[in-house]
Amino acid sequence: MVNAIKGLFISCDIPMAQFIVSFNASLPASQKFIVHMLDATHMFVQPHVAEMIRSRIADFRDQNSYEKPA
């Protein structure tokens, strides 16, 4: 019997994958969203977390962006 799970495939570079994995690890067990790590740059996640991941990445990029002083 085959079990199928609806999900979202994410392909990214290694540092971004590690960021997503650490974000997933910081959540309680009931909210973890990674279904399967395929390799260092590909993962399969639950489909309802797409916007949450995007917003967390945007926040991370905003915090780590250089702004030239005036």
### Query
With axes computed from alpha carbons, what is the tilt in degrees of helix 50-63 against the longest principal axis of the chain, rounded to the nearest 10 within 0 to 90?
20
#### Entry: Spin-label pair residue 9/residue 21, simplified geometry with 7 Å Cα→Cβ offset, distance in nm
2.0
## Note on the structure
With the 8 Å Cα cutoff and a minimum separation of six or more residues, the chain has a relative contact order in percent of 34
### Per residue solvent-accessible surface (Å²) - segment 22-70, probe of 1.4 Å
76
### Summary
Helix-only [θ] at 222 nm, the chain, -39500 (n - 2.57) per DSSP H run of 4+, per residue, nearest 500, equals -12000 deg cm²/dmol
### Summary
A 1.4 Å probe over the protein heavy atoms gives segment 8-70 a carbon and sulfur accessible-area percentage of 57
#### Entry: Debye log10 I(q)/I(0) at q = 0.28 Å⁻¹ for the chain, Cα point scatterers
-1.43
### Task
May I ask you to order 48-55, 60-67 by the average number of other C-beta atoms within 10 Å around their residues, highest value first?
48-55, 60-67
### Summary
Each label sits 7 Å from Cα toward the beta-carbon; between residue 37 and residue 60 the label points are separated, in nm, by 1.3
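The values are calculated or read from the model by the stated rules, or taken from the named source; none is laboratory data. Because the structure is predicted, anything quoted here is derived from the model rather than measured. Note: ideal-geometry Cβ built from the backbone for every residue, glycine included; neighbour counts use all protein chains shown. Remember, those area values only see protein heavy atoms, side chains included, never the ligands or the DNA or RNA. Shrake-Rupley method; radii C 1.70, N 1.55, O 1.52, S 1.80 Å.
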